[in-house]
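Asks: Structure provided below as C-alpha cells; questions to follow.
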2 protein chains.
Amino acid sequence: MSSETFGFEILKECNHTGARAGRFHTPHGWVDTPCFMPVGTQATVKTLTPEELAMVGAQIILSNTYHLYLRPGAETVRKLGGLHRFMHWSGPILTDSGGFQVFSLSKLCTVSEEGVLFRSHLDGSLHFLSPELVMAVQGDLGADIVMQFDQCVPYPCVREAAAEAAERTVRWAARSKAALPREDQALFPIVQGSVYRDLREENARQLIALDCPGYAIGGLSVGEPKSIMNEVIEWVVPLLPQLKPRYLMGVGSPDSLFEGVARGMDMFDCVLPTRIARNGTVWTSAGKLVVRNAEYAEDPLPLDPLCRCYTCRHYSRAYLRHLIKAGEVLGIRLTTLHNLHFVLRLMQNMRAALLAGRFPEYLDRARETLCPLFNREQADEQPEASGI
Amino acid sequence: MSSETFGFEILKECNHTGARAGRFHTPHGWVDTPCFMPVGTQATVKTLTPEELAMVGAQIILSNTYHLYLRPGAETVRKLGGLHRFMHWSGPILTDSGGFQVFSLSKLCTVSEEGVLFRSHLDGSLHFLSPELVMAVQGDLGADIVMQFDQCVPYPCVREAAAEAAERTVRWAARSKAALPREDQALFPIVQGSVYRDLREENARQLIALDCPGYAIGGLSVGEPKSIMNEVIEWVVPLLPQLKPRYLMGVGSPDSLFEGVARGMDMFDCVLPTRIARNGTVWTSAGKLVVRNAEYAEDPLPLDPLCRCYTCRHYSRAYLRHLIKAGEVLGIRLTTLHNLHFVLRLMQNMRAALLAGRFPEYLDRARETLCPLFNREQADEQPEASGI
C-alpha cells in the first residue's frame with residue numbers, strides 16, 4: 001500500500017494560531033481533524049457498541065496493545081480476523097504500543113536496550129516486549145495506526161533519566177520502523193524528553209528523520225502543570241512536519257483540547273470522559289456535574305439542557321442518579337454516551353470554526369467561558385487497568 | 001376509564017390444548033399474548049435501553065414495587081412523571097406488589113392481618129406495607145397493570161401455613177380492590193395455596209368473585225418439581241375467567257413457557273434469561289451455552305448460528321467470552337440482548353403457530369427437541385436483590 005493510503009490533507013489553517021483542520025486517510029476510512037479518539041482499552045469502549053460510538057460522532061478509536069496482548073492475546077485476535085472484525089468496528093483504529101502501560105500498570109522487572117521484562121498486572125506472569133515484538137503484536141491486531149514502543153518516564157524526572165529514556169526511544173523508533181510487518185499500517189514515533197527543552201527538540205529532530213506518516217508527543221499529561229504541558233507542545237510542534245498529523249497522547253480535558261488544537265495538534269485521546277462517566281460525573285456546557293450527588297435525586301432536567309445527545313433527549317438527572325446509586329449498568333452507559341458526545345461535539349465545533357475562518361474568536365470565547373469550568377492545575381490522568 | 005381500556009380479545013383458541021392467542025389492551029398500548037415480560041427490577045431491564053427492548057420484541061415489561069418503593073421511592077417516581085416517563089418506556093408496564101420480595105429478600109419482622117413489617121435489604125431500615133399502602137405505591141408508580149399485595153409461602157410449606165396465607169391473600173385482594181387509587185390501572189389478584197389442590201381451587205373461586213380484569217397464579221417456580229407446577233396450573237386454569245388474561249408469575253424457562261401456554265396461561269415473567277446472561281450463559285436453539293467457558297476462546301461462530309439478533313449478527317463467541325472474562329459491560333449487554341431476543345421470539349413463534357392453527361404440532365416438536373435441552377427438574381428461581 002502506498003503512502004497515499006495515509007495521506008493527510010490540510011483543509012484550512014488558522015491565521016492567528018497554530019490550529020488547522022485536516023483529513024487523515026487510512027485503510028478503514030478517513031478521520032477529520034482535529035479529532036478525539038475514544039479509548040477502547042480491551043477492544044471495547046467501555047459500555048458502548050460501535051454503533052453508539054458512531055452515533056456520538058467517533059471516527060477513530062484507540063485500543064491498548066498491552067491489554068490485548070495479555071488478554072485475549074494478539075494471535076487470538078488475528079485468528080478471529082483482526083481487531084476491526086473482532087470488535088465489530090469498521091472505522092479506523094489506532095493501537096498504542098503498550099509502553100505507557102508497561103511502565104505504569106505492570107510490575108516492571110528490567111529495562112534493557114533490547115526491551116522490557118515485566119510482570120502482567122492480571123496474573124503476575126512474566127513477559128518480554130521489545131520494539132520488534134510490539135510491532136508484531138500490533139501487526140496481529142491490525143490497527144490502521146500503530147505506535148512505536150517507547151520508554152516512558154514519570155513526572156518529575158531527573159534530566160539524566162529523561163535523556164536516557166528519550167534517546168532509547170529514538171533507537172526503538174528506528175527498530176520499530178525496520179520491523180513494521182505490514183504496509184497497511186502507519187507507524188507514528190513518539191517524541192519524549194520530559195520537560196527538558198533540548199531533549200524534546202533533539203528527540204523530535206531525530207525522529208522526523210525516519211519520515212513516518214505521523215508523529216506523537218508522549219510523556220505529557222502525567223502530573224505536570226498544564227502550563228508546562230502547553231510549553232512542551234510549543235517547543236515540539238515547530239519541529240514536526242507541517243504536512244503530517246500530530247497526535248497529543250493522553251490528553252482530553254476540554255480546556256487542554258482547546259490549547260492543544262490552538263498549538264497545532266491534530267489528534268487526541270484520553271480515558272477521562274469515559275472514566276469519570278462511570279463514576280457518575282459528566283461534562284456539560286455549564287461545567288462538571290456529579291449526577292450521583294443527592295441534590296439531583298428529584299431533578300427532572302437532563303444532564304445538560306443544551307445537549308442533544310440520546311441521554312439528554314430522554315432521561316432526567318434524577319433517573320440517572322437512581323441508576324448509578326443502584327449499581328445499574330444503564331446508568332454508566334448513558335453518562336458515557338453523554339460525555340463522549342460532549343467531547344466529540346467540542347472537536348466538531350472547533351473544526352467547524354476553523355473551516356469557517358473564525359477559530360480565534362471561538363478560542364477566545366472558550367478560554368473565557370468554557371475552559372475555566374474544566375481547568376485544573378495538573379494534567380494527571382492515569383491509565384486504567386481493566387473492568388469498570 | 002372504562003373496563004374497555006383493559007379489554008382482552010381472544011383471537012384464536014387451540015382445539016387440542018388450552019392455549020390461546022389474544023390481545024390485551026392497556027392505556028399504553030396493547031400486548032399480544034401469549035407474552036413474556038422482561039423484568040426491570042429497578043426501573044431498568046438490566047443493561048438495556050427501552051429502544052433495545054423494543055428491538056428484541058418486548059411489548060410489556062415488569063418492574064418491582066418493593067425495589068422502587070425503597071429506592072428511589074414511589075413519591076419521587078410520581079414527581080418525575082411516573083414510571084413510564086422516569087424510565088423512558090412508553091409501552092405497557094406491570095408492577096408486582098412487592099409481596100414476593102418482602103417474603104424472600106427483606107428481613108421479615110411481623111405479618112399481621114393489617115400488613116407486613118419488614119427491614120429493607122438495602123440498609124436495614126424498618127418499613128410497613130399493607131394492601132392499601134401497596135396500592136398507593138403502585139398508584140404513584142403508575143403502571144398499567146398492578147398486582148395485589150399477597151402473602152407468599154416457601155416450598156415446601158405445611159398445609160396449615162399455606163391455608164392461612166392463601167386465605168389472607170384473598171382478604172388482601174378485596175382490600176386492594178377497594179383501595180385501587182386510579183381507574184387507569186388494572187388490578188390482578190394472585191391465586192395462592194401452595195401445592196394443595198383444595199386450597200388453590202377455593203382461592204381461585206373466591207378471587208374471581210372480585211371481577212378483576214386479569215388473574216395471576218403465584219407461589220410457583222419457588223423450588224417445586226416442574227411436574228407439580230404444571231399440575232397446579234391445570235387445577236387453577238379451569239376456574240379462572242375464560243375471557244380474561246392469566247398470568248403465571250416468575251416462570252420463564254423455555255420448556256416451562258411451552259407447558260404454561262399449552263395449559264392456557266397468557267402472560268409470563270422471569271429474571272432467568274437476563275440473570276443467566278450476566279453470568280455468561282445464553283439460550284440457543286441447541287440449548288444452553290456457557291460462553292464464558294474456555295472452549296469458546298477462539299470460536300468465530302455467533303452464539304447461535306440460527307439467531308438473527310444484533311449480537312449474533314455481529315459478534316463471535318470468542319469476542320463475547322473475552323468481554324465477559326475482562327469484566328466488560330458490553331459483554332453482558334450483548335448476552336442479555338440475545339437471551340431476551342431468544343425468549344421473546346419463542347413467544348412470537350408460539351403465537352404464530354396458534355394463529356395458524358398448528359400449535360399442537362409445534363408443541364409436540366418443541367417437547368421432543370427444544371424443551372429437553374432446557375428442562376431441569378426444579379423450578380427454583382430466586383428474586384434478585386440489586387446490581388449486576
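The values are calculated or read from the model by the stated rules, or taken from the named source; none is laboratory data. Because the structure is predicted, anything quoted here is derived from the model rather than measured. Counting neighbours? That spans all protein chains shown, and the Cβs are built from the backbone with ideal geometry, glycine included. Heads up: the accessible areas ignore ligands, DNA and RNA and are worked out on the full protein's heavy atoms, side chains in. Shrake-Rupley method; radii C 1.70, N 1.55, O 1.52, S 1.80 Å.
Asks: At 7 Å along Cα-to-Cβ for each site, give me the label-to-label distance between residue B:109 and residue B:297 in nm.
Replies: Placing both labels 7 Å beyond Cα along the Cβ direction yields 5.3 nm.
Asks: Pull out the extension gain between residue A:12 and residue A:182, defined as 0.36 nm times the separation in residues minus the alpha carbon to alpha carbon distance; nm, one decimal.
Replies: Net length gain for the segment: 58.1 nm.
Asks: Would you compute, from DSSP H runs of 4+ residues alone, the mean residue ellipticity of chain B at 222 nm, taking -39500 (n - 2.57) per run and dividing by the full residue count, rounded to the nearest 500?
Replies: Per the formula, -12000 deg cm²/dmol.
Asks: Return the FRET efficiency for the residue pair residue A:356, residue A:75: r is the Cβ-Cβ distance, R0 is 45 Å, and the value is rounded to the nearest 0.05.
Replies: 0.40
Asks: Calculate how many DSSP beta bridges within chain B are antiparallel, expressed in % of all such bridges and rounded to the nearest 5.
Replies: Counting DSSP beta bridges with both partners in chain B, the antiparallel share is about 55 percent.
Asks: Per residue, how large is the accessible surface of the stretch B:88-157? Use a 1.4 angstrom probe and give square angstrom.
Replies: 34 Å²
Asks: What is the interface area between chains B and A, defined as buried accessible area summed over both chains with a 1.4 Å probe, reported in Å² to the nearest 100?
Replies: The buried area between B and A, both sides summed, comes to about 3300 Å².
Asks: Taking R0 as 22 Å, what FRET efficiency do you get between residue A:205 and residue A:227 from their Cβ-Cβ distance, rounded to the nearest 0.05?
Replies: According to the calculation, E is roughly 0.35.
Asks: Now for a different question. For residue B:227, place a label point 7 Å out from Cα along the Cα→Cβ vector, do the same in each other copy, and report the separations in nm, one decimal, smallest first.
Replies: 8.3
Asks: Between the stretch A:153-217 and the stretch A:290-317, how many Å separate their Cα centres?
Replies: Centre-to-centre (Cα) distance: 43 Å.
Asks: Sticking with this one: Hey, if you put +1 on the Cβ of every Lys and Arg and -1 on every Asp and Glu Cβ in the protein assembly as shown, which of A:320, A:296, A:348 ends up farthest toward the positive end of that dipole?
Replies: A:348
Asks: Summarise the accessible area of the stretch A:1-60 (1.4 Å probe, protein heavy atoms) by the percent that is carbon and sulfur.
Replies: So the carbon and sulfur contribution to the accessible surface is 50 percent.
Asks: Just the number, please: percent antiparallel of the DSSP beta bridges in the protein assembly as shown, rounded to the nearest 5.
Replies: 55 percent
Asks: Per residue in the stretch A:295-336, which ones lose no less than 40 Å² of accessible surface when going from chain alone to all protein chains (1.4 Å probe)?
Replies: Residues losing area: A:298, A:310, A:314, A:315, A:319, A:322, A:326, A:328, A:329, A:330, A:333.
Asks: Ok, one more. What residues qualify as long-range amide H neighbours of residue A:35, i.e. H under 5 Å apart, gap of 5 or more or another chain, H built at 1.01 Å from N?
Replies: A:267, A:268
Asks: Here is a further query. Between the chain alone and the structure with every protein chain in place, find the residues of the stretch B:37-63 that drop at least 30 Å² of accessible area; heavy atoms, 1.4 Å probe.
Replies: B:42, B:44, B:47, B:49
Asks: So what are the ³J(HN,Hα) numbers for the stretch A:211-224, from phi and the Karplus equation (6.51, -1.76, 1.60; θ = phi - 60°), rounded to whole Hz, Gly and Pro as x?
Replies: Whole-Hz 3J(HN,Hα) from phi for the stretch A:211-224: 6, 8, x, x, 9, 10, 9, x, x, 10, 6, 10, x, 6.
Asks: Over all pairs of distinct alpha carbons, what does the Kirkwood formula give as the hydrodynamic radius of the stretch B:250-388, in Å?
Replies: Its Kirkwood hydrodynamic radius stands at 15.7 Å.
Asks: Under a plain spin-label model, where a point goes 7 Å from the Cα along Cα-to-Cβ, how far apart in nm are residue A:308 and residue B:239?
Replies: Spacing of the two 7 Å Cα→Cβ label points: 6.0 nm.
Asks: Where along chain B is the Cβ that lies nearest the axis linking it to chain A, and how many Å separate them?
Replies: For chain B, the closest residue to the axis carrying it onto A is B:329, 3.
Asks: Under 10 Å, Cα contacts only: if you run a Gaussian network model on chain A, which one of A:207, A:133, A:257 comes out with the highest mean-square fluctuation?
Replies: In this elastic network of chain A, the residue with the biggest mean-square fluctuation among A:207, A:133, A:257 is A:133.
Asks: Just tell me, in residue order, which DSSP H segments of chain B are both 18 angstrom or longer along the helix axis (alpha-carbon based) and at least -1.0 in mean Kyte-Doolittle hydropathy.
Replies: Passing helices, by number: B:159-179, B:329-355.
Asks: Moving on. Taking all pairs of distinct Cα atoms, average 1/r, flip it, and tell me the Kirkwood hydrodynamic radius of the protein assembly as shown in Å to one decimal place.
Replies: Result for the protein assembly as shown stands at 28.5 Å.
Asks: Follow-up question, since we're still on this one. Given Cβ point charges of +1 (Lys, Arg) and -1 (Asp, Glu) and nothing else, what value in debye, to the nearest 20, does the dipole of the stretch B:1-143 about its Cα centre take?
Replies: In total the dipole reaches around 280 debye.
Asks: Here's another thing I want to ask about it. Express the accessible area of the stretch A:265-388 per residue in Å², computed with a 1.4 Å probe while the remaining protein chains stay in the model.
Replies: Per residue, the stretch A:265-388 has an accessible area of 39 Å².
Asks: What are the distances, in nm and sorted shortest first, from the label point of residue A:13 to the label points of the same position in each other copy, with each label point placed 7 Å from Cα along the Cα-to-Cβ direction?
Replies: Result for residue A:13, in nm, nearest copy first: 8.4.
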